[in-house]
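Read the figures in this text as sums done on the coordinates, not as results from a lab. Values in this document were obtained by computation on a predicted structure and should not be read as measured data. For neighbour counting, all protein chains shown are included, and Cβ atoms are generated from backbone atoms with ideal geometry for every residue, glycine included.
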Amino acid sequence: MRTAGRMLPETLRHVAKKPATVLYPFERLELPPGFRGRPVLDTEKCSGCKICERDCPAGAIEVVTLAPKVLRPGFYYDRCAFCGQCAESCPRDAIAMTAECSLYCTSRIRTVERCDGDQARVPRSHLRTSSDGVVSAGLASRRAATGRSHRHRTPSGNGCASKS
Amino acid sequence: MNALMQAVWVLVFPGFLFLFVYALFCEWLDRKLYARLQNRVGPPWFQPFADFVKLLAKEDVVPKGASRGFFLALPPLAVAAVASAFLYVPVYAERAPYWFQGDIIVVAYLLSLPTLIFFLAGWYSNNPFSSIGATRAVTQLLAYEVPLLLVILGPALISGEWSVSGASAYMRSHPALIPVQLLGLAVAVVALQGKLERVPFDIPEAETEIVAGTFTEFGGRRLALFRLATDMEMVVGAALLGSLFLGGYGPVGPVPGFVFFLLKTLFIVFLLCCLRAVSARIRIDQMVGFCFRWLIPAAVAQVLILVALKGWWLP
């Protein structure tokens, strides 16, 4: 400490000023343009090419078959890292990063979104029952269903929504 | 009637209940002021009480290998030591409820008991972080206790009274002595910061380094009592310094005297908080070095000034 107390006059001035704290949730900061919030799908533009599912670094996208020849991605928001790779990779610009960032919810199931607009249900083959009986969707079961083994990114044992 | 008055003195005012409420209030003030100095909002007024109640409701585990007896006995003992010291400090009247000649020594002893209790608590916790915190606490005790006791001795020397109440009465009747003791007040505030284990001297409980130091294995009620003991220690220390260096309280009457008590202790708490806000934690060797190189010579200088004053100018 070179001169002890050199900071003191400035510190004392802070008492008279308004605190710099943003009183969330009563006050909110302005989000800058380009802020990466929740990714949402435009079902009209989507062609079902599955590039987003391949490129997602968190393994948070799962493409499901809604109808013959109709494939659409579903998003696992509890796994999503909000990196924007899906929006960048999509060749049809069907995924947009909205500015929604208050994504708290009390139910694990609601963090899974399946194709907004259609509200399609999770395919039966992808459902697993966890130990206390709550039905949830698991990525590990999806791996078993599609038979793909090259996805090593899932954590050992359970998928993202397996423990509820 | 006398027994009832004694019970009120000890338990309600200026005893345990008042000390409890005032300790929580001073903790709030300290935290709020600290936050405001850092441009933050700070906790609401009931936060220290809410923390205390929450801790009381939590589970308290005694780790295997730790001494059950010590875990049981030490937290209430720390609170008891500090609360007893408060009975010798004058709050609203000229004389403290249980004053006697020589109670300066008793107060100094009772105030150094919590540190020894924290040492024992950490030592018998069967935890390496606690042991490190405990040894640092007693090392720190060696460093700050010497200057603190020396400067507390000052008013006793100059007044010839060996009670806190008497020394403070003398200081009040000779207000010209207050500027003479300013060096002593500065030394005492810094040493008190060390005794209370607050930044820059919070080495025994360095959260970023050794979890919670001495208190690592304590939870629930025991931690609540330890935290209460440190809060009360701040109030008692501030009250002691206020009465010895700032001229004490009364005898203008109980109500103005009490107001003076509040103002002076809050001023000391304000000084402690500012010291906390502008400092960073120092190492234990830096702390001991600082105390022996600067605080102790300053304390000795203050005592010499007072001795010279007493010998040549004062009756």
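Results, tabulated for the structure shown:
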item: Spin-label pair residue A:49/residue A:22, simplified geometry with 7 Å Cα→Cβ offset, distance in nm; result: 3.6 nm
item: Chain lengthening between residue B:286 and residue B:180 when straightened (0.36 nm per residue, less Cα-Cα); result: 35.3 nm
item: Inter-part distance where region B:281-315 and region B:167-216 are each reduced to a Cα centre, Å; result: 13 Å
item: FRET efficiency, 1/(1 + (r/R0)^6) with R0 60 Å, evaluated for residue B:50 and residue B:293 via beta carbons; result: 0.90
item: Subset of A:18/B:58; B:32/B:54; A:18/B:195; B:195/B:310 violating a 26 Å alpha-carbon distance limit; result: A:18/B:58; A:18/B:195; B:195/B:310
item: Cβ charges +1 (Lys, Arg) and -1 (Asp, Glu), total dipole of region B:107-252, debye; result: 240 debye
item: Neighbouring partner chain Cβ atoms per residue of A:9-20, average, 10 Å criterion; result: 4
item: Radius, Kirkwood style, for region B:231-300 when every pair of distinct Cα atoms is counted (Å); result: 14.0 Å
item: Average beta-carbon neighbours from other chains, 10 Å sphere, peptide B:32-39; result: 4
item: Label-to-label distance, nm, for residues given as residue B:259 and residue B:68 (7 Å Cα→Cβ offset); result: 5.5 nm
item: Region B:19-111: C-alpha gyration tensor shape, a/c 1.5 cut-off, then a/b vs b/c; result: oblate
item: Packing-based ranking, highest mean first, of B:144-156, A:33-45, A:53-65 given that Cβ atoms within 10 Å are counted; result: B:144-156, A:53-65, A:33-45
item: Ratio of Rg to Rh over chain B (Cα coordinates, Kirkwood Rh, two decimals); result: 0.97
item: Dipole magnitude (debye, nearest 20) for chain B, charges at Cβ of Lys, Arg, Asp, Glu; result: 320 debye
item: Rounded tilt (10° steps) of B:47-57 against the dominant C-alpha axis of chain B; result: 40 degrees
item: Spatial separation of Cα centroids for region B:218-257 and region B:75-110, in angstrom; result: 10 Å
item: Cα long-axis angle, helix B:103-123 against chain B (0 to 90 degrees, to the nearest 10); result: 10 degrees
item: Residue mean of other protein chain beta carbons inside 10 Å, B:275-283; result: 3
item: Convex hull of Cα atoms in the protein assembly as shown, direction-averaged projection (nm²); result: 31.9 nm²
item: Value of [θ]222 nm, deg cm²/dmol, for chain B, DSSP H segments ≥ 4, -39500 (n - 2.57) each, nearest 500; result: -22500 deg cm²/dmol
item: Label-point separation, residue B:100 to residue B:301 (7 Å along Cα→Cβ), nm; result: 3.9 nm
